[in-house]
Amino acid sequence: MRTFAKSDKLHGVCYDVRGPVLDEANEMKKQGIEILQLNIGNPAPFGFTAPQWILDAVREALDNPMSQGYSESCGILPAREAIKEYHEEKGLVNVNLDHIYIGNGVSEMISIAMQGLLNNGDEILIPSPDYPLWTAAAKLAGGNPVHYLCDEQSGWYPDIADMEKKITDKTKGIVIINPNNPTGALYPKELLEQIVELARRYELIIFADEIYDRLVFDGKKHISIASLAPDLFVVTFNGLSKSDRIAGFRSGWMVLSGDLSKGKGYIEGINMLSSMRLCANVLAQHVVVPALKKRPDVDPLLLPGGRLYEQRKCICEAIDRIDGISVVRPEGAFYCFPKVDAKRFGIVDDEAFILDFLRKEHVLLVCGRGFNWPEPDHFRIVYLPETTVLTESMEKMNQFLEKYYR
Ligand code: PLP
């Protein structure tokens, strides 16, 4: 009998969106067990709704007959103009409307960026821990993701020496995720300058995933790395899933900036791949203009009294009360990546640890391995749920660890 296996191209691609922990959680839910979910960066289920002006824009777009047809493959012009203006305000130079590509979320753009660039065996530097789609997309494109270390001791900033050590003559680019998922780190200018310097010296493209750039706390300012590298080829990614809390609309984009002269062939490839998927969801593209133009300077959610601010405070304080766990205070996004004392609790497999916790306390987290972290000593918390849920989950973690030794 003929059977069908997954494609060989997927061999070695590790993107464990399901996996045993989630399977178990789904099974428990089917049995009527209530699970506290701190595992997914999707704002809507936690009561976050899109701002009113976005909803109004969607209603207006519905009445526009042009939203019913395909758009230009790189996206509708008014949206690309708003994206250009947004990124120019952040200091990007040489941004051409033809080099802005709107996609069904940043996810689609990451895949196109990797597919268009990497030949078999080409290397790309990706952070560890990472948002795992980057590693998976690079592998699926035939490339070889090489992980550079982000150092918890230095606020989860990339270790520049490690990054440089891993550059070879096959390296094509450096990926940075800033603000970072899963650590919540926000990179300062001096650090970004050091990364730019490496890219300049070794002639690498910089891929900057900045989808959380409007979710930054404590009055800090996000700096686009492209603004520091006008002489390099930089690809910047951004979108509406997180800051505008409309992840389901699937609206994201990438912008090429700087000196594109050495990347003409690459741009041809991107154009080809962009046309092959015809275009991104057109209705969602109509939301880009109001989202970028009508937004307040600072999202009230990030200020004292705002939900994200208070939830970050709550989760950090709750973790501080637990013996054997520590956390670097996040400065952006809505994640943190606590460290658990693996030796003390006998943890050699972080997935097994997270599974044990789920079974015993009914709280769902994601283990560090899911973010290409090499040691079994971290997990990610999404602090989108209300403070009552966060507090309860960490109390459960505390009581769980009091008796835990694997
Ligand atoms: N990049 C990062 C760092 C993310 O955390 C995510 C989603 O969690 C994405 C990209 C994908 O975003 P989108 O919803 O725009 O596809």
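The values are calculated or read from the model by the stated rules, or taken from the named source; none is laboratory data. Please read all numbers here as calculations on a predicted model, not as lab measurements. Cβ sites come from the backbone with ideal geometry, for glycine too, and all protein chains shown count toward neighbours. SASA here: full protein model, heavy atoms, side chains in, ligands and nucleic acids out. Shrake-Rupley method; radii C 1.70, N 1.55, O 1.52, S 1.80 Å.
For every residue, the table says whether it meets (1) of a type outside the set (Ser, Thr, Tyr); (2) assigned to a loop (DSSP other than H, G, I, E, B); (3) within 11 Å of the ligand (Cβ to nearest atom).
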residue: 201; (1), (2), (3): yes, no, no
residue: 206; (1), (2), (3): yes, no, no
residue: 213; (1), (2), (3): yes, yes, yes
residue: 230; (1), (2), (3): yes, yes, no
residue: 238; (1), (2), (3): yes, no, yes
residue: 243; (1), (2), (3): no, yes, yes
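Residue under question is residue 248, and the condition is that it be in a helix (DSSP H, G or I), within 13 Å of the ligand (Cβ to nearest atom) and not hydroxyl-bearing (Ser, Thr, Tyr); does it hold?
Considered against the rule, which asks whether it is in a helix (DSSP H, G or I), within 13 Å of the ligand (Cβ to nearest atom) and not hydroxyl-bearing (Ser, Thr, Tyr), residue 248 comes out as yes.
This table checks each residue for (1) among the basic types (Lys, Arg); (2) within 30 Å of residue 252 (Cα to Cα).
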position	(1), (2)
290	no, yes
295	yes, yes
306	no, yes
332	no, yes
346	no, no
352	no, no
369	yes, yes
375	no, no
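Within 21 Å of residue 380 (Cα to Cα), of a type outside the set (Gly, Ala, Ser) and modelled with pLDDT of 95 or more, is that true of residue 312?
Values: within 21 Å of residue 380 (Cα to Cα): yes; of a type outside the set (Gly, Ala, Ser): yes; modelled with pLDDT of 95 or more: yes.
Taking the combined requirement at face value, the residue satisfies it.
List pairs: first residue in the stretch 246-264 and closer than 12 Å to residue 92 by Cβ, second residue buried (at least 23 other Cβ atoms within 10 Å of the Cβ) and of a type in the set (S, T, N, Q) anywhere in the structure, Cβ distance under 6 angstrom, at least six positions apart or on different chains.
So the pair list comes out as 255/236.
Being away from the ligand (no atom under 16 Å from the Cβ), over 15 Å from the mean Cα position of the chain (by Cα) and under 19 Å from residue 296 (Cβ atoms) is true for just one of 262, 220. Which residue is that?
Of 262, 220, the one residue that is away from the ligand (no atom under 16 Å from the Cβ), over 15 Å from the mean Cα position of the chain (by Cα) and under 19 Å from residue 296 (Cβ atoms) is 220.
Given (1) open to solvent by less than 10 Å² (accessible area, probe 1.4 Å); (2) within 22 Å of residue 178 (Cα to Cα); (3) of a type in the set (Phe, Trp, Tyr), where does residue 309 come up short, assuming only one miss?
(1)
What's the number of the condition residue 338 fails, among (1) modelled with pLDDT of 95 or more; (2) within 16 Å of the ligand (Cβ to nearest atom)?
Tallying (1) modelled with pLDDT of 95 or more; (2) within 16 Å of the ligand (Cβ to nearest atom), residue 338 fails exactly one: (2).
Any residue at all in the stretch 291-303 that is farther than 28 Å from residue 50 by Cα and in contact with a helix residue (DSSP H, G or I) (Cβ under 9 Å, 6 or more places away or on another chain)?
There is no residue in the stretch 291-303 that is farther than 28 Å from residue 50 by Cα and in contact with a helix residue (DSSP H, G or I) (Cβ under 9 Å, 6 or more places away or on another chain).
Among the helices (runs of 4 or more DSSP H) confined wholly to the stretch 64-167, which include 1 or more residues that are touching a strand residue (DSSP E or B) at 6+ places or on another chain (Cβ under 8 Å) and within 16 Å of the ligand (Cβ to nearest atom)?
Of the helices (runs of 4 or more DSSP H) lying wholly inside the stretch 64-167, those with at least 1 residues that are touching a strand residue (DSSP E or B) at 6+ places or on another chain (Cβ under 8 Å) and within 16 Å of the ligand (Cβ to nearest atom) span 77-89, 105-117, 133-140.
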